[in-house]
Amino acid sequence: ATPRTPIMAGNWKMHLDHREANLLVQKLAASLTPKQLTDVETVVLPPFTDLRTVQTAIDGDKLLIKYGAQDLSPHKNGAYTGDVSGVMLAKLGCSYVVVGHSERRQHHHEDDALVNAKAKAALANGLTPIVCVGEGPDVREAGEQVAHCVAQLTGALDGLKAEQVSKIVVAYEPIWAIGTGKTATPEDAQEVCGALRAAISGKHGAEVADVIRIQYGGSVKAGNIAAIMAQPDVDGALVGGASLVAEEFVSIVRFQE
Ligand code: PEP
């Protein structure tokens with residue numbers, strides 16, 4: 001039995017206005033019992049513009065759902081037009097922040113050094129970074145997925161202390177499976193998640209590797225979550241499209257039933 005609490009996080013990407021965000025949070029809260037929300041940590045990751053709405057909905061009714069942002073600046077403050085800092089996110093009550101999502105790496109040219117700086121900025125502000133790694137189709141074709149993802153993770157965690165690493169969440173998201181409907185097989189997910197845990201064990205020790213949570217992400221839905229969660233090194237999911245539909249995300253959180 002794993003001592004790790006499963007964590008399901010809904011990455012809303014650039015979807016939902018404040019009214020839709022409020023409605024979705026209310027639906028999730030109405031469909032999941034406090035026990036379900038305690039047994040499986042449930043997180044929503046709205047766009048910045050919805051964070052205050054989500055905070056109000058969750059705080060107002062003392063809901064057990066957690067929330068966070070999809071990105072943050074590596075800087076505390078300053079002349080960085082359009083950016084949002086970890087200080088600001090912490091003030092809004094965020095618990096989590098995604099760093100290194102493949103869409104940020106692709107569209108905003110984020111490299112491992114920047115992902116590392118963002119992970120450090122998150123931790124400095126008491127936010128838990130959800131550090132994303134994952135290979136594209138070419139790397140998968142060449143059979144290099146493990147080496148690729150371990151290298152990305154090593155870069156993202158550079159300079160972090162063991163106690164910091166034990167707090168973070170890692171998300172393995174093969175790019176060819178994101179938003180494509182092509183889910184990795186449970187064995188594909190296990191192969192890389194297991195290798196990431198082994199790499200963490202090698203660098204930071206078995207105790208850290210034992211407690212760190214590793215998610216799979218890529219076309220997760222109600223229909224495939226149980227098989228993915230049955231893998232020993234998969235502790236949850238980072239969910240895009242299916243997290244926008246209350247019924248789907250609720251089923252994903254209830255994978256154990
Ligand atoms: C994601 O963007 O993190 C993701 C996994 O998306 P989807 O579930 O839509 O594939």
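Rule-based calculations on the coordinates, nothing more; no lab input. No experiment lies behind these values; they were computed from the predicted model shown. Virtual Cβ from ideal backbone geometry, glycine too; neighbours counted across all protein chains shown.
FRET efficiency for the ALA227 to SER31 pair, using the beta carbon distance and R₀ = 22 Å, is estimated at 0.45. Taking trypsin sites (Lys or Arg not before Pro) that fall in a DSSP loop and have at most 13 other Cβ atoms within 10 Å as cut points, what is the longest piece of the chain between them? Here the longest segment lacking exposed loop sites spans 77-160.
At q = 0.11, 0.13, 0.25 Å⁻¹, what log₁₀ I(q)/I(0) does region 166-257 have when each alpha carbon counts as one equal point scatterer in the Debye sum? Computed log10 I(q)/I(0) values: -0.30, -0.41, -1.23. Counted over the chain, the DSSP beta bridges are approximately 0% antiparallel. By the count of neighbouring beta-carbon atoms within 10 Å, fewest first, ASP210, ASP138, ASP188 end up ordered ASP138, ASP210, ASP188. Under 20 Å from the 7 Å Cα→Cβ point of GLU247, by amide nitrogen: which residues of region 29-44? Within reach of a label on GLU247, which here means backbone N under 20 Å from a point 7 Å along Cα→Cβ, region 29-44 contributes 29-33.
Taking a span of 30 Å or more along the helix axis (Cα atoms) and a mean Kyte-Doolittle hydropathy of at least -1.0 as the rule, no DSSP H helix of the chain qualifies. For the listed residue pairs LYS62/LYS118; LYS27/LYS203; LYS27/LYS161; LYS161/LYS221; LYS35/LYS221; LYS91/LYS203, the alpha carbons are over 31 angstrom apart in LYS27/LYS203; LYS27/LYS161; LYS161/LYS221; LYS91/LYS203. For a modelled paramagnetic label at LYS182, 7 Å from Cα along Cα-to-Cβ, no residue of region 1-26 is in reach, as no backbone nitrogen comes under 14 Å. Distance from the C-alpha centroid of region 1-61 to that of region 134-195: 24 Å, rounded to the whole angstrom.
Remark: the chain projects, on average over all directions, an area of 12.7 nm² (convex hull of Cα atoms).
Inter-label distance, ALA162 to TYR80: 3.1 nm, where each label sits 7 Å from its Cα along the C-beta direction.
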